[in-house]
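One structure is given here, and the rest of the page talks about it.
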Amino acid sequence: MNDYKYAVKQITDARRAELDAGLQRWRDALAAYPQLAKAHAEYQRQAIEKAQGKPNSLDAAREKLYAAAKKLGIRKELITPPCKCEKCNDTGYADGRYCSCVIKRVISANAHNLVLPQTDFTAAKKTAPKAIAKLYATAQKYIDDFPNNAKPFFIMFGSSGTGKTVLASAIATAVMQKGGAVVTVSAFDFVKRAKEYHTQFAIDDYTDLFTPMLDCDLLCIDDLGTETLLKNVTREYLYTVINERWLRKKHTVITTNLTAESLLARYGEAIASRLMDKNTSGCYLLVAANKRLSG
């Protein structure tokens with residue numbers, strides 16, 4: 001069983017246990033309070049009458065039952081606990097996909113989904129290199145606006161030592177603190193995942209390797225351009241992930257030592273056009289001083 005199916009099972013099992021416990025509390029209350037049992041019996045009788053198409057007083061019987069339970073301090077949420085996730089009603093699925101509660105559970109449970117260390121944003125800002133210091137204000141707005149950013153892609157170009165990785169990590173940490181499901185990978189780790197999936201067809205399910213990167217609230221890819229270009233792997237799987245997130249306007253932070261021109265030459269028009277789409281991306285060149293490319 002893959003991680004996602006197991007997470008769904010955990011959620012549905014927990015919901016079933018909650019409902020069973022609530023039912024047992026109700027049975028215990030009926031056994032302990034004769035007046036409640038009497039009201040419940042009348043409610044059941046009226047429900048049968050209605051089901052048979054006979055004249056009934058079901059609504060009145062229901063109100064009397066609720067009133068009897070309330071008088072005894074028996075709250076509805078103790079008998080039928082509310083679902084923990086309103087989006088999927090604790091089924092694990094919403095709109096034909098794994099629900100965000102499942103994705104967050106899987107991502108949070110697997111350390112390999114967080115390659116970059118967690119970094120405090122305020123502390124990182126205080127020690128930021130001059131080349132990137134001014135960009136922290138823009139990054140703060142990106143965090144504050146999450147998850148409703150007009151431009152969900154945040155792309156940082158620049159040479160080594162400008163502080164890109166630290167800022168990317170700080171953004172990821174801040175989004176996690178807001179409750180977002182976050183995946184951070186290095187470009188090397190990304191290719192490793194892609195190669196593993198591409199060459200090991202016995203893997204139980206595609207979702208174990210790529211659903212976290214496709215569906216997480218924020219994906220961070222660090223040092224794009226340092227990975228090996230493997231035939232039929234690197235560009236193809238990078239395009240799959242980037243294009244899916246671009247189409248769904250999913251938040252994505254990328255750092256790279258490449259220039260815009262060399263990124264286009266290395267990965268091609270399809271990937272470059274999505275990363276540098278002025279409608280969805282804020283792109284920043286980090287040198288001696290910040291220079292905004294677009295966005």
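The values are calculated or read from the model by the stated rules, or taken from the named source; none is laboratory data. All values derive from a computational prediction rather than experimental measurement. Using ideal geometry, Cβ is built from the backbone for each residue, glycine included, and neighbour counts are taken over all protein chains shown. Note: areas computed on protein heavy atoms with side chains; ligands, DNA, RNA excluded. Shrake-Rupley method; radii C 1.70, N 1.55, O 1.52, S 1.80 Å.
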*Separation of the range 1-50 and the range 165-203 by C-alpha centroid, Å?*
41 Å
_With a 10 Å cut-off between alpha carbons and a GNM built on the chain, which of LEU58, LEU23, LEU258 moves the most?_
LEU58
*Which whole-Hz couplings ³J(HN,Hα) result when phi for each residue of the range 105-119 is put into the Karplus expression 6.51 cos²θ - 1.76 cosθ + 1.60, θ = phi - 60°, listed in order with x for Gly and Pro?*
4, 5, 4, 5, 7, 10, 4, 5, 7, 10, 6, 6, x, 6, 10
*Residue by residue, what Karplus-based ³J(HN,Hα) values in Hz, rounded to whole numbers, does the range 222-232 have, using 6.51, -1.76 and 1.60 with θ = phi - 60° and x for Gly and Pro?*
9, 6, 4, x, 9, 7, 6, 8, 8, 4, 6
*For GLN46, what is the net charge nearby, where nearby means another residue's Cβ is under 15 Å from its Cβ and Lys, Arg count +1, Asp, Glu -1?*
+2
*asked:* If the elastic network links every pair of Cα atoms under 10 Å, which of ALA172, ALA47, ALA128 fluctuates the most in the Gaussian network model of the chain?
replied: ALA47
*Under 10 Å from the Cβ of ALA7, count the other residues' Cβ atoms, weight Lys and Arg +1, Asp and Glu -1, and hand me the total.*
+3
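With an 8 Å Cα cut-off and a minimum separation of 6 or more residues, compute the relative contact order for the chain in percent.
Values: 399 pairs, mean separation 59.0, N = 295.
Result for the chain is 20 percent.
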*Calculate one ³J(HN,Hα) per residue across the range 87-94 by plugging θ = phi - 60° into the Karplus curve 6.51 cos²θ - 1.76 cosθ + 1.60, and present them in order as whole Hz with x for glycine and proline.*
5, 10, 6, 6, 9, x, 10, 8
*So which GluC sites (Glu not before Pro) in the range 1-104 are both in a DSSP loop and have at most 12 other Cβ atoms within 10 Å of their Cβ?*
GLU86
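Give the carbon-plus-sulfur fraction of the accessible surface of the chain in %, rounded to a whole number; probe 1.4 Å, heavy atoms of protein chains only.
54 percent
I'd like the trypsin sites (Lys or Arg not before Pro) in the range 1-97 restricted to DSSP loop residues with at most 15 other Cβ atoms within 10 Å, sorted by number.
Passing both the DSSP loop test and the Cβ count: ARG75, LYS84, LYS87.
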*asked:* For the chain, what does the helix formula give at 222 nm: sum of -39500 (n - 2.57) over DSSP H segments with n ≥ 4, over the residue count, nearest 500 deg cm²/dmol?
replied: -17000 deg cm²/dmol
*Extending each Cα 7 Å along its Cβ direction at ARG75 and ARG62, get the distance between those two points in nm, one decimal.*
2.2 nm
_Loop sites in the range 212-295: trypsin sites (Lys or Arg not before Pro), DSSP, at most 12 other Cβ within 10 Å_ = LYS231, ARG248, LYS278
_If you consider only alpha-carbon coordinates, what radius of gyration and Dmax does the chain have, in Å?_
26.4, 84
*Taking Cα centroids, how far is the range 209-264 from the range 86-122 in Å?*
19 Å
